[in-house]
1. Order the peptides 158-168, 125-135 from the highest to the lowest mean number of other Cβ atoms within 10 Å of their residues.
2. So what's the net charge close to R39: Lys and Arg +1, Asp and Glu -1, counting the other residues with Cβ under 9 Å from its Cβ?
3. Any idea how far apart T130 and A194 come out in nm if each label point goes 7 Å out from Cα toward Cβ?
4. Would you kindly state how much longer the chain becomes between V164 and M88 on full extension, computed as 0.36 nm times their sequence separation minus their alpha carbon distance, in nm to one decimal?
5. Mind pulling the angle between the C-alpha long axis of helix 51-71 and the longest principal axis of the chain? Nearest 10 degrees, somewhere in 0 to 90.
6. Determine the sum of side-chain charges near L158: Lys and Arg each +1, Asp and Glu each -1, restricted to other residues whose C-beta is under 14 angstrom from that of L158.
7. Less than 12 Å Cβ to Cβ from L216, Lys/Arg counted +1 and Asp/Glu -1: what total charge do the surrounding residues give?
8. What distance in nm separates the simple spin-label points at R48 and R243, each placed 7 Å from Cα in the Cβ direction?
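All of the numbers you see were taken from the coordinates with simple rules; none came from a lab. Note that the coordinates shown come from a computational prediction; the quantities given were computed from them, not determined experimentally. All Cβ positions, even for glycine, are placed from backbone atoms using ideal geometry, and neighbour counts span all protein chains on display.
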Amino acid sequence: MAAIASQVVLHPTVSQSIKYGSTTLGRDKAYRAIQYFARFYTWYLLSRGDKQTAARWNALKSHLATARKLLRLGKPLEHLQAALRASMASGPPTEQIATIARQLSYFGYLSTDAFIWANAVKFWSLNPETAAQVSKISNRFWLAGILFSIVHGTVKSLRLAREVDGVKKHQVWGEKDLGAGTVRETKLSAALAAQETNRNQLVIDLLDVWIPATNLGFTNLNDGVLGIFGLVTSIIAAQQQWRAVNGKK
């Protein structure tokens, strides 16, 4: 019995899950996936007239949203630092400008989001009109950040495609210079990995952009659609974090 228990408790997947859950980003992505599933499921239950069960899932969604705001209280400074580093780094001008604008937008989004959290937990009371205005400003920053991220991802994808094509065109099969071939293979692997990461981020942005857009009234998607979008992007982001934490490519 002890042997079976040790095999289950000490299983590599369990150890990897603990390692993943010990990171703030890992917990945030897990909470986000549940939050958006709850958003979808609440919509589904209400569409079937099950208001009592829907109320439970809606409460879970709301509490997870509040908990995630608490986890993100220190992140505005991270984005501010990222913007400063991007301004000092060298790189394609369009990508650099889009990166700086994206990081500053997320700084504004998460800074105003902190006021929303403080009001939600009744630490700092805002009147309803002010709270609605702060929420609107926060969503504007969020939408701007995603749009700048889409611009950055689109431009970067074009550059990476050119790099991959360039490396492939200069490959000479059966060449005697093994060192040069190894360098090209390394460059190609790095470019392909960057392409995959950039492609995943573009998918996340193209789905997530509808959430603040709907919050601001620019679109009219229902909670079922937004819940699915948020769940999908949470799973993609969680997979990326899982690979980063557990050293998998």
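1. Ranking the peptides 158-168, 125-135 by packing returns 158-168, 125-135.
2. Values: positive: K61; negative: D223.
Residues close to R39 contribute a combined charge of 0.
3. Output for this residue pair reads 4.7 nm.
4. Numbers: separation 76, 0.36 × 76 = 27.36 nm, distance 2.65 nm.
Separation in residues times 0.36 nm, less the Cα-Cα distance, equals 24.7 nm.
5. Between the helix axis and the principal axis of the chain, the angle is about 60 degrees.
6. Working: positive: K156, R159, R162, R199; negative: E95, E163, D165.
Net charge around L158: +1.
7. Values: positive: K136, R140; negative: none.
Local charge sum for L216: +2.
8. Computed distance between label sites R48 and R243 equals 3.5 nm.
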